[in-house]
1. List the lysines whose Cα lies under 21 Å from the Cα of Lys195, skipping any in the same chain that are fewer than 8 positions away.
2. Going highest first, how would you order 63-73, 213-223, 28-38, 7-17 by mean Cβ packing within 10 Å?
3. Using +1 at the C-beta of Lys and Arg and -1 at the C-beta of Asp and Glu, which of Thr100, Phe147, Ala137 has the Cα lying farthest in the positive direction of the dipole of the range 100-165?
4. Mind checking which of Ser52, Ile65, Leu75 is farthest towards the positive end of the range 35-77's charge dipole, using Cβ charges of +1 (Lys, Arg) and -1 (Asp, Glu) about the Cα centre?
5. Under 29 Å Cα-Cα from Lys49, which lysines qualify once same-chain neighbours fewer than 8 residues away are excluded?
Amino acid sequence: MEGKLFEKNMSLSEMDAVLEHFLTKESSAVRILVDIPLTEEEYLQLSQKLISTKRNMENMQRYRISMLLAWAYSLYYGKAESREYCEMMSRLDELPQYFTRKFFQICSRTFEEFGLNTYFPEICSKQQLCGMMVAQAGISEEMAPHFCRLLEELIKGKSIREAMDEMESANNEHLEGVANSSSYYFLENLLLSAKDVMRDCQSGDFTEPQIREKYNITSSRLIHICWCWVQERNACA
């Protein structure tokens, strides 16, 4: 999953087709949206195309993959105040109830169609959708060092409740953002699964592909973060 996905002058339809092809081809490796590798430049390229596209239900359905991926990456790259994210959120408040439900259905069916892990049973509200998108944004590179240290502390005996409290008051805007925007259910599951991944990375009994296969719904990007963290620690030991 290396190299750029988009060419410089692609249309939105072309970019959306590339993303759908990637999701289909790499389905076993894409567990959440940010497992689709976009550089910040590609994220901005996609966002600009979406901004200039009329927002109606037909386009939301047609470009649902691009729309949701741009939303996830706006969170991943710490751009929660970017134009497309704000427009999408404000648009939800303006939609009639029927269209709001329709939008939630589009999102749910997209996640289901491509086998993405949502950490939520279904989307019934704006709050649940926002929580799901935090889950789809995963752990960013800026967040990774603090998160990995937290996983090591969990392995040594720190409780899940203590870890969640630490995330909420971490003096780290990225961890705080995840904690404050997420449900207890999501955070608990994220920490428990990531703790097990980190333990297996530390054990030396598995390769990275074997860990990806063992944790087949856990973000491939998160597994790679844990794997690289342990390799760097071992190299410095």
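What follows is calculated from the coordinates using simple rules that are stated; it is not laboratory data. Just so we're clear, the structure is a prediction, and the values are computed from it rather than from any experiment. All Cβ positions, even for glycine, are placed from backbone atoms using ideal geometry, and neighbour counts span all protein chains on display.
1. Lys156, Lys158, Lys214
2. 63-73, 28-38, 213-223, 7-17
3. About the Cα centre, the residue reaching furthest to the positive side is Thr100.
4. Ser52
5. Leaving aside lysines fewer than 8 places away in the same chain, those within reach of Lys49 are Lys4, Lys8, Lys25, Lys79, Lys102, Lys126.
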